[in-house]
Amino acid sequence: TGTGQSKKNSKSERSRTVAGCRAFVRKMASRATVRSTATRAARPAAATTSVPNRAATKRRFLVPLVRAGGFYVPSESFGGLSPERKAATAMKTLFTMCAVKIVLAQLEGSSAGRGGSAFGSFNPEAVQTIYKHLDEVPLKNGDEWLRGLMQKDRLLALRLVEVRESYIKEGFEWDSMQKAAIKEMESSNIEILREGAESMFK
C-alpha cells in the first residue's frame, strides 16, 4: 500500500511539474507574441546612434555590478570585468571582421559608387594582402590581427582601423542588436522549456 501511494504521489508531482512547464512556455510565447505585435504596430522612429564619451564609459564600467533589477554578477566572473565590458571586448573582433568585409568589398570594386571612400579604390594587390594575412593569421583577436597586418602593410592596416571605428559609431545598429538578442533569448528559452516538458512523457 505504501509503495502504491508513493508511486501515486510521484505521478502527481510529475503531472504538476509538466503542467507548470507548459504554463510557463505558454506565458513566454504569449509575451513574445505581444512584444512582436507591438513592435510591428509601432511607427519606426528615426535611427539614432548614441555613442558615450570615454569618461562616461569608464564611470559606467567602474560602478558595482548590482543592477536595478536586482541581478548581481560576481566581479571575478570575467576577470574583474563587467558583463558589458566583456561583451565590448569580444565585439572588437566582430567589428574588425566587419571592417575587413567592408574594405575587401571596396578594394574588389563591388562597393564602387556607394561612398566617397569606396570610389576609385579598386586594388587587387591590397585584396591579396588581406586574404594572405587571413590565411596566415586567423582572425580570432581583432587587435592582434591588425597589429600583424600593420607589420606588412601599414596603410592598409590604418584603413581598417579607421573603418572599424567609423562602423561602430555610425554604421552598427545597436537598437536592432538589443531587440534581436532579446528575441533570440526568448525563442531559445521557449524551445528549451518545451523540450524539457516533452521529455517527461518519454
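The values are calculated or read from the model by the stated rules, or taken from the named source; none is laboratory data. It should be emphasised that the depicted structure is a prediction, and the values quoted were computed from it without experimental measurement. A quick note on method: Cβ atoms are made from the backbone with ideal geometry, for glycine too, and the neighbour counts reach across all protein chains shown. Note: accessible area is taken over every heavy atom of the protein model, side chains too, but ligands, DNA and RNA are not part of it. Shrake-Rupley method; radii C 1.70, N 1.55, O 1.52, S 1.80 Å.
Points worth noting:
- Boolean, L155 is part of a helix (DSSP H, G or I), touching a His at 6+ places or on another chain (Cβ under 9 Å) and free of Cβ contacts under 8 Å to residues at least 40 places away in the same chain: no
- Failed item in (1) under 30 Å from S77 (Cβ atoms); (2) in contact with a Gly (Cβ under 9 Å, 6 or more places away or on another chain); (3) open to solvent by 60 Å² or more (accessible area, probe 1.4 Å), with W174 passing the rest: (2)
- For V163: the one exception among (1) under 30 Å from Y72 (Cα atoms); (2) open to solvent by less than 70 Å² (accessible area, probe 1.4 Å): (1)
- Residue in the range 178-193 that is in contact (Cβ under 8 Å) with a residue 24 or more places away in the chain, within 20 Å of T93 (Cβ to Cβ), part of a helix (DSSP H, G or I) and under 15 Å from the mean Cα position of the chain (by Cα) present: no
- Number of the condition not met by A105 [criteria: (1) open to solvent by less than 60 Å² (accessible area, probe 1.4 Å); (2) outside any helix (DSSP H, G or I)]: (2)
- Near pairs, Cβ below 7 angstrom, 6+ apart or cross-chain, from the range 97-117 (modelled with pLDDT under 50 and among the aromatic types (F, W, Y)) to any residue that is part of a loop (DSSP other than H, G, I, E, B) and surrounded by 15 or more Cβ atoms within 10 Å (Cβ to Cβ): none
- When the range 125-145 is filtered for residues that are outside any loop (DSSP other than H, G, I, E, B) and aliphatic (A, V, I, L, M), the ones remaining, listed by number, are A126, V127, I130, L134.
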